[in-house]
Amino acid sequence: MENLNVMISLPPKLALALSELAQSQNITFSTLARTVLEQYLQQEQERELEEHETASTGKREKRKYVRKAISVPTTIRFKSGTSVTEEPVEMKDISLGGALLSLPAQHPILKQLVSHPNKFDLVISLPDEKQPVEFTSKTSRVRKDQENVHLGISFDEYSYYDFIKLYNFLG
């Protein structure tokens with residue numbers, strides 16, 4: 001293995017965020033950088049493999065990020081004025097750009113999710129994380145089967161730390 005020294009100039013806020021992230025993961029800054037680069041290379045290899053499979057099968061994936069099938073505790077939080085309504089929901093899969101939720105056709109918040117394009121907070125409890133991550137989201141697609149309604153949601157706003165936690169989880 002060849003060592004490479006790199007010097008980069010970062011705004012103080014970004015440098016502090018990276019330092020805190022490395023510290024929260026109990027790793028050095030260089031290990032954090034190496035991990036991020038390794039994950040990027042792995043994603044590039046997966047993308048190239050996916051492109052090869054697409055060329056051979058003729059099927060094309062339209063999503064920007066690969067989805068991971070998962071079932072983790074998830075809550076939808078609506079904020080209206082001073083009141084907050086929270087409802088647990090079932091998550092089917094997740095990616096860096098969004099998630100697929102499944103709700104029974106008679107779920108009490110379904111009408112609010114489908115008929116109002118307002119944003120809501122999706123609160124996700126990831127394994128090995130002490131605090132849940134939170135993404136401001138909106139409904140992108142709705143598909144119904146006999147018993148359930150499946151909602152494709154997109155993540156619109158999130159903190160840098162929550163994004164990194166999700167990124168590491170999906171790694």
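The values are calculated or read from the model by the stated rules, or taken from the named source; none is laboratory data. Just so it is clear, the model here is predicted, and its values are computed rather than measured. Methodologically, a virtual Cβ is constructed for each residue, glycine included, from the backbone with ideal geometry; neighbour enumeration extends over all protein chains shown.
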Hey, does the range 25-45 have a residue that's surrounded by 11 or more Cβ atoms within 10 Å (Cβ to Cβ), in a loop (DSSP other than H, G, I, E, B), modelled with pLDDT of 80 or more and aliphatic (A, V, I, L, M)?
yes
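Quick grid of which residues meet (1) part of a strand (DSSP E or B); (2) in contact with a Leu (Cβ under 9 Å, 6 or more places away or on another chain); (3) modelled with pLDDT of 90 or more; (4) among the charged types (D, E, K, R):
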| residue | (1), (2), (3), (4) |
| --- | --- |
| E90 | yes, yes, no, yes |
| L103 | yes, yes, no, no |
| K111 | no, no, no, yes |
| D128 | no, no, no, yes |
If I ask for residues that are within 17 Å of the chain's Cα centre (by Cα) and surrounded by fewer than 17 Cβ atoms within 10 Å (Cβ to Cβ), which ones from the range 139-149 would you list?
S140, R141
